[in-house]
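The values are calculated or read from the model by the stated rules, or taken from the named source; none is laboratory data. Just so it is clear, the structure is predicted and the values come from calculations on it, not from any experiment. As a convention, Cβ positions derive from the backbone with ideal geometry for all residues, glycine included, and neighbour counts pool all protein chains shown.
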Amino acid sequence: EVRGARRKEPSIHPLPIPDAMRGGWQVEDDFIAAIRGERPVTHTDFRTGVRYMQFTEGVARSSRHQIPVSLPLREFSNPSL
């Protein structure tokens with residue numbers, strides 16, 4: 001269930017999701033399968049996919065350390081960060 005509110009609405013409430021917009025696309029799965037040549041690129045090219053992965057890594061680091069994180073990441077392959 002997705003919940004939200006428009007500006008000036010007093011509270012959040014369930015937001016309907018049209019059937020045409022529901023589920024199905026697994027971003028990470030499609031990204032990896034495209035890199036491996038198992039599926040054609042349908043939504044996101046390689047460069048955009050890498051930027052997306054840097055963004056999600058930046059969110060995780062920011063949450064873990066409770067500090068702002070600048071993008072693009074200077075160090076992207078070190079899991080200890």
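Quick notes on this one:
- Top-ranked residue in segment 53-81 [being surrounded by 10 or more Cβ atoms within 10 Å (Cβ to Cβ) and of a type in the set (D, E, K, R); ranked as nearest to the chain's Cα centre (by Cα)]: E57
- Where a residue in segment 16-33 is over 16 Å from F46 (Cα atoms) and its partner, wherever it lies, is surrounded by 11 or more Cβ atoms within 10 Å (Cβ to Cβ), with Cβ under 7 Å and at least six apart: W25/H43
- Top-ranked residue of segment 1-21 - restricted to ones that are touching a strand residue (DSSP E or B) at 6+ places or on another chain (Cβ under 6 Å) and surrounded by fewer than 10 Cβ atoms within 10 Å (Cβ to Cβ), ranked as modelled with the lowest pLDDT: E1
Here is a yes/no grid of residues against (1) in a loop (DSSP other than H, G, I, E, B); (2) out of contact with any Gly (no Cβ under 8 Å at 6 or more places or on another chain); (3) surrounded by 10 or more Cβ atoms within 10 Å (Cβ to Cβ); (4) at pLDDT below 80:
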{"residue": "G23", "(1), (2), (3), (4)": "yes, yes, no, yes"}
{"residue": "D30", "(1), (2), (3), (4)": "no, yes, yes, no"}
{"residue": "P40", "(1), (2), (3), (4)": "yes, yes, no, no"}
{"residue": "H43", "(1), (2), (3), (4)": "yes, yes, yes, yes"}
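- The lone exception for I35 - which of (1) loosely packed, with under 14 Cβ neighbours inside 10 Å; (2) of a type in the set (V, I, T); (3) more than 26 Å from E75 (Cα to Cα) it fails: (3)
- Members of segment 53-79 found to be of a type in the set (D, E, K, R), part of a loop (DSSP other than H, G, I, E, B) and over 24 Å from D29 (Cα atoms), listed by number: R74
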